[in-house]
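Taken together, the values in this text are just the output of simple stated rules run on the coordinates, not laboratory data. These numbers come from a predicted model, not from an experiment. Glycine also receives a Cβ, built like all others from the backbone with ideal geometry; neighbour counts cover every protein chain displayed.
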Amino acid sequence: MPRVVDHEERRQQIVFALWLVIAQHGIEGVSLRHVAAEAGVSMGRIQHYFGTKESLVLAGCTALVQSAYGGYLETADAAPRDRLLHVVSQQIPQDDGGRMGVSVWYAYVAKSINHAAVRQVLAEARRGAEEECVRLIRAAREASGGGAGLAGPEQTAPEQAAPEQAALAKARRLLALADGLTLRVLVRDLEPAEAVAMLEAEVDLV
């Protein structure tokens, strides 16, 4: 019988090879030949699945975002506070593999300066993370009895808007702190456990 080919697995194999090439040479160093060699497949195979180098690079960016989102979905049964901590701390690299992933992310960040499609993917991912943080902050406050996400009928429109604005400000501070700590861990100026502890302390102030 002919062997059944798992096309999604093949695509993932090629994307992972792309990430390795980006980690080693940057996005400007990507070529179909380099990725094919890293993946152990032919250039024709890559072209079959992705077409051009441009399409492959963009697919790698989308896959990076989807990978992070997939990790978040695994926390579906956790409390809002724990899910919030996951969102803001998951980018902290815990090992060499994590550092590679973060370095690829920042390579895409740099690429987004002059690449509209990459910029759109990253911007949408950051907006999504921010919106989810706001939702989780409100849920965590309600779960703790704070009720910051609830507005009574006697409140005016500005008063009703205040909790939402406060949650948004908190979400942005948490994400900005996470970005800064990630860079320090990436350059080995801070231990991952220290960075996560700092984020956990901030999340507990929600």
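Key figures for this structure:
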{"read-out": "Residue order, fewest to most beta carbons within 10 Å, for 133, 61", "value": "133, 61"}
{"read-out": "At least 15 Å along the helix axis (C-alpha) and Kyte average at least 0.0, DSSP helices within the chain", "value": "53-73, 96-111, 157-186, 192-203"}
{"read-out": "Hull-based mean projected area of the range 7-203, where the convex hull spans the alpha carbons, in square nanometres", "value": "13.1 nm²"}
{"read-out": "Segment residue 166-residue 45, length gained on full extension (0.36 nm per residue, minus Cα span)", "value": "38.5 nm"}
{"read-out": "Between the range 125-141 and the range 91-117, the Cα center-to-center distance that results, in Å", "value": "22 Å"}
{"read-out": "MRE, 222 nm, helices only [DSSP H, n ≥ 4, -39500 (n - 2.57), over the chain, to nearest 500]", "value": "-24500 deg cm²/dmol"}
{"read-out": "Three-way shape label, the range 49-123, alpha-carbon gyration tensor, a/c 1.5", "value": "prolate"}
